[in-house]
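The values are calculated or read from the model by the stated rules, or taken from the named source; none is laboratory data. Predicted model only: the values in this text are computed from it and were never measured. Here Cβ is always computed from backbone atoms with ideal geometry, including for glycine, and neighbour counts include all displayed protein chains. These area figures cover heavy atoms from the full protein model, side chains too; ligands, DNA and RNA do not enter into them. Shrake-Rupley method; radii C 1.70, N 1.55, O 1.52, S 1.80 Å.
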Amino acid sequence: MLNEILKDVSDYIAWELEEGAVTVEASPDILAALSLPTTGSAASTPSAVPKPEPTGSTPFVEQKKTPATPSPPAIPPALKTLAAEISACTRCGLYTGRTNTVPGQGNPQPEILFVGEAPGKDEDEQGLAFVGRAGQLLTKMIEAMGFAREDVFIANINKCRPPDNRKPSREEMDTCLPFLKRQIAILKPKVIIAMGATAVEGLVPLPEGETISKVRGQWLQFEGIPLMPTYHPAYLLRNPAMKRPVWEDLKTVLGFLGRPVPPVKTTEG
Ligand code: URA
């Protein structure tokens, strides 16, 4: 029990650091229990964060890679042109704080397009979507479905990192959305998995009062493409118990694609 609490706290701190937090509030007792320094900024020493323990009985543990396709098709020129346009974009204020734009990456003919909110610190530094801690969990989710990361396409509503990882404003989302819409038109995914409220709200205006927890797991549509709303991996890092419902959502997607549900590994090792 104590281990689980410590692991949740550890996951939370690691997530905050991942999201670019400069300081993380925690009592000295917690820091001592986690073997973190009690002085200075915890965030300035990310390597001091203990590695999370194996995820135990959660569904998203390391899976054997079983690529659905031997080698992904070449990136079509239209996607490259779009990425170049994105890299030169100054349509909203977010461009002033970016290191790199993050157009998204993956198989240009994917069965599944995963959509998140916006790049975080690691993504901004590398110019790649979902490469930080949330991205590592996303990789496990993808592999739990029997795919490799290279089999799917991963993108965000916003292509630039908002300052302090704040949620992008509606205006910033609407300004950036034409890029994602053009990507979707080129990629023609069979299914879109929208991760988190921002991704869902960006693509499908939800009726007043609807929340991600109400709509998750229920099919929506984006321009005729089935869209599965589910929780964001960063939320799962803070709320590991929510991995179960997300796994149900991913299984629904597998059923739609006519793919078998790979057996869930309940322990690592
Ligand atoms: N969170 C997101 O929504 N997107 C990323 O690329 C990384 C973290």
Of the residues in segment 154-202 that are buried (at least 21 other Cβ atoms within 10 Å of the Cβ) and among the small types (Gly, Ala, Ser), the one that is nearest to Asp249 (Cα to Cα) is Ala194
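If you go through segment 225-269, how many residues are hydrophobic (A, V, I, L, M, F, W, C) and under 18 Å from Pro110 (Cβ atoms)? Break it down into steps so the answer makes sense when it comes.
First, pick out the residues of segment 225-269 that are hydrophobic (A, V, I, L, M, F, W, C): 225, 227-228, 234, 236-237, 241-242, 246-247, 250, 253-254, 256-257, 261, 264.
Cutting the leftovers down to under 18 Å from Pro110 (Cβ atoms) gives us 225, 227-228, 250, 253-254, 256-257.
Going through segment 225-269 one residue at a time, the tally reaches 8.
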Checking Thr69, Thr99, Thr90 in turn, the sole residue that is touching an Asp or Glu at 6+ places or on another chain (Cβ under 8 Å), in a loop (DSSP other than H, G, I, E, B), surrounded by fewer than 19 Cβ atoms within 10 Å (Cβ to Cβ) and at pLDDT 95 or above turns out to be Thr99
Checked Arg216, Arg244, Arg259 against criteria (modelled with pLDDT of 95 or more and open to solvent by 70 Å² or more (accessible area, probe 1.4 Å)); the one match is Arg244
Here, helices (runs of 4 or more DSSP H) confined to segment 172-239 with at least 3 residues that are farther than 17 Å from Asn156 by Cα and within 16 Å of the ligand (Cβ to nearest atom) are 233-238
Exactly one of Ala134, Ala129 is assigned to a loop (DSSP other than H, G, I, E, B), within 10 Å of the ligand (Cβ to nearest atom), among the aliphatic types (A, V, I, L, M) and in contact (Cβ under 8 Å) with a residue 24 or more places away in the chain, and that residue is Ala129
Going through (1) more than 25 Å from Arg244 (Cβ to Cβ); (2) part of a helix (DSSP H, G or I); (3) touching a helix residue (DSSP H, G or I) at 6+ places or on another chain (Cβ under 6 Å) one by one, Ile142 fails only at (1)
Of the residues in segment 91-126, those that are among the aliphatic types (A, V, I, L, M), within 14 Å of the ligand (Cβ to nearest atom) and within 18 Å of the chain's Cα centre (by Cα) number 4
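Take Lys167 and decide whether it is more than 14 Å from Val102 (Cβ to Cβ), basic (Lys, Arg) and outside any helix (DSSP H, G or I). Write out each step before concluding.
Working: more than 14 Å from Val102 (Cβ to Cβ): yes; basic (Lys, Arg): yes; outside any helix (DSSP H, G or I): yes.
For Lys167, the condition - more than 14 Å from Val102 (Cβ to Cβ), basic (Lys, Arg) and outside any helix (DSSP H, G or I) - is met.
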